[in-house]
Each structure stands twice: as C-alpha cells, then as structure tokens.
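The values are calculated or read from the model by the stated rules, or taken from the named source; none is laboratory data. It should be emphasised that the depicted structure is a prediction, and the values quoted were computed from it without experimental measurement. Here Cβ is always computed from backbone atoms with ideal geometry, including for glycine, and neighbour counts include all displayed protein chains. Ligands, DNA and RNA are excluded from the accessible area calculation, which covers all protein heavy atoms including side chains. Shrake-Rupley method; radii C 1.70, N 1.55, O 1.52, S 1.80 Å.
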Amino acid sequence: MSHEFSLTSIPDLNSRYDIYGAVHKGLRKAGCDLLGRLGTADFQNAEETGFLIDDLRNYLMLAASHVNHEDDHIHVALAAKGVSTVTLDEQHDDHRTAFHELEELIAAWERAQPLHKPGCGRKLYLAFAAYIANDFAHMHEEETVTGPLLWRNFTDDEMLGIEMRIIASLPPEKSMAFMRIMIPAINPAERRALLGAMKRDAPPEIFQAVIDFAVRPGLSARDFAQLADALKLAA
Ligand SMILES: [Fe+2]
C-alpha cells in the first residue's frame, strides 16, 4: 500500500457533493477512540475488556461493510466510465487481509491464559494502530484524488444517486450503526443538513429512532439542544 500522499494538494470540497466526507469522519473518529481505549485497557481483566472487544468487532464489521459499498457502488460506477480503480481495489484487498488478521489477534487474546492476555492485548493494540494508519492514508487518497475524479465524471445529482443506492442497500440496524459513528464525528452544519434531509424524507418513526438511538446518545447536552432547536424537534 502506498503511503505517498500530498498534504498541500487538498481540493476545495465546498462546491461539490462530498460522497466520502461524513462516513470517513465517522470511521476516523471511531477508530481513534478505539485506539485510545485499546491503549488504556487492562487486557488481563477479561470482563471489562470484553465490552471494548465487542466495540472493536462492531467497528471492523462497519469498516468491512464500507469497503464493500465503495467497491460495489463507487468503483463500479467509475469503471463504467473507463476510469481505473486498480490501486484502490488493491488497497481494499489489503484492508480485507487486515480484518482477517485483526480477528485472529482478537481470538488469540480471548483464548489466552490470564498470564498471556496482556501480551496478546499489546499485539492487538499495535496491529490496530497500523491498520488505522493505513486506512487513514487510504481515505486521504480517496478524498483528495478519487473525489476530484468523481466530480469530473459525475454530476452532483448522479453522486447523490450513488450514495442513495448505498444507503438503500443497508439493513436498518446497519444504517443505525453507521449513524452512531457519523453523527458525533461531523460538525453542527453537517448534522443539520444530514438530519434535516432525513426529517424531510424518512418515515417519522425511523427519524425518531435515529434521534433516540444514534443522535442523542452521541452528543453533549449542549450540542443536542442546538441541533434540536435547528431541526425544530418536539421537546
Ligand atoms: Fe475505500
């Protein structure tokens, strides 16, 4: 996987549809939060660490699902325009290898005798740090190189269509899981836009479930109050 990327040629994202933005912010923040927790975990305490391992497996499941969505919807659309996605496809294959290896390290920690659990936890911590380092470089390439390629080949409406096809392909519980990592990771204007559109377009009971299970638990009382005010949510 290439780690060569430019820090200065970051395109202006303001004017065009940003298909990667919110979900990548969610993956970055959740990955950093997990890395912090893996760094402070007492790996000998299997009961306490079990909750962290559940969250880690949930994160890896979402990350694997995200890679597949990009393959099936974004790469396929680019290929239909004659644009090669070979490098990104190879990076996604590296991700799939990493998901498999991380699961093996988790299982090794679970199987280990108490004396060996801290050593297994240390390996898992280092492996997860290396995985997100690769993933951050990869997402940077997607947002600074692939994003502009998408803009050259598709209108904003066509890109919205691609994103809507991804969302429509998700079972409700997975949509909810993505919202839970995305909402705390995006800024107030992005929250207002995303949830304003959902309030307008989604069935009221679905919108309310998103507010109750993905929005309210992930925001501070102040951030939630500001958002509720902007969206005119019933108190
Ligand atoms: Fe990707």
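Measuring with a 1.4 angstrom probe and ignoring ligands and nucleic acids, LYS199 comes out at about 90 Å² accessible. For ASP89 and ARG222, a Förster radius of 35 Å and the Cβ-Cβ distance give a FRET efficiency of 0.25, rounded to the nearest 0.05.
Over 22 Å, how big is the tail of the calculated P(r) for region 149-221, in percent of all Cα pairs?
Numbers: 687 of 2628 pairs.
Pairs farther apart than 22 Å: 26 percent.
Once C-alpha pairs closer than 8 Å and six or more residues apart are averaged by separation and normalised to the residue number of region 94-212, the relative contact order reads 15 percent.
Dividing the convex hull volume of the alpha-carbon atoms in region 187-235 by its residue count gives 70 Å³ per residue.
Could you work out how much longer the chain between ASN58 and ARG192 gets when fully extended? Use 0.36 nm per residue separation minus the Cα distance between them, nm to one decimal.
Values: separation 134, 0.36 × 134 = 48.24 nm, distance 2.61 nm.
Stretched out fully, the ASN58 to ARG192 stretch lengthens by 45.6 nm.
Placing a label point 7 Å from the Cα of LEU7 along the Cα-to-Cβ direction, no residue of region 24-42 has a backbone N closer than 11 Å. Taking a Cβ cut-off of under 12 Å around LEU150, the surrounding Lys, Arg, Asp and Glu residues balance to a net charge of -4, with basic ones at +1 and acidic ones at -1. Over every Cα atom in region 121-164, the radius of gyration and the widest Cα-Cα span, Dmax, amount to 15.7, 47 Å.
Can you give the relative contact order of region 1-113 as a percent, counting alpha carbon pairs under 8 Å and 6+ residues apart?
27
The listed peptides 173-182, 146-155, ordered by packing as a protection proxy, come out as 173-182, 146-155 (highest mean of other Cβ atoms within 10 Å first). Using the Kirkwood radius over Cα pairs, work out the Stokes-Einstein diffusion coefficient for the chain at 37 °C and 0.692 mPa s, in µm²/s as a whole number. Here the translational diffusion coefficient equals 169 µm²/s. Taking 0.36 nm per residue of separation and subtracting the current Cα-Cα distance, fully stretching the chain between ALA133 and SER169 would add 10.1 nm.
Full extension of the chain between GLN44 and LYS81 yields a length gain of 8.1 nm, computed as 0.36 nm times the residue separation minus the alpha carbon distance.
Listed by chain and number, the lysines whose C-alpha is less than 30 Å from the C-alpha of LYS25, apart from same-chain residues fewer than 8 away, are LYS81, LYS123, LYS174, LYS199, LYS232.
Measuring from label point to label point, each 7 Å out along Cα→Cβ, what is the ARG96 to HIS116 span in nm? Roughly 3.0 nm, to one decimal. These residues, PHE51, PHE43, go from largest to smallest accessible area, 1.4 Å probe, as PHE51, PHE43. Seen from GLY21, the other residues with C-beta closer than 15 Å to its C-beta sum to a net charge of -3, counting Lys and Arg as +1 and Asp and Glu as -1.
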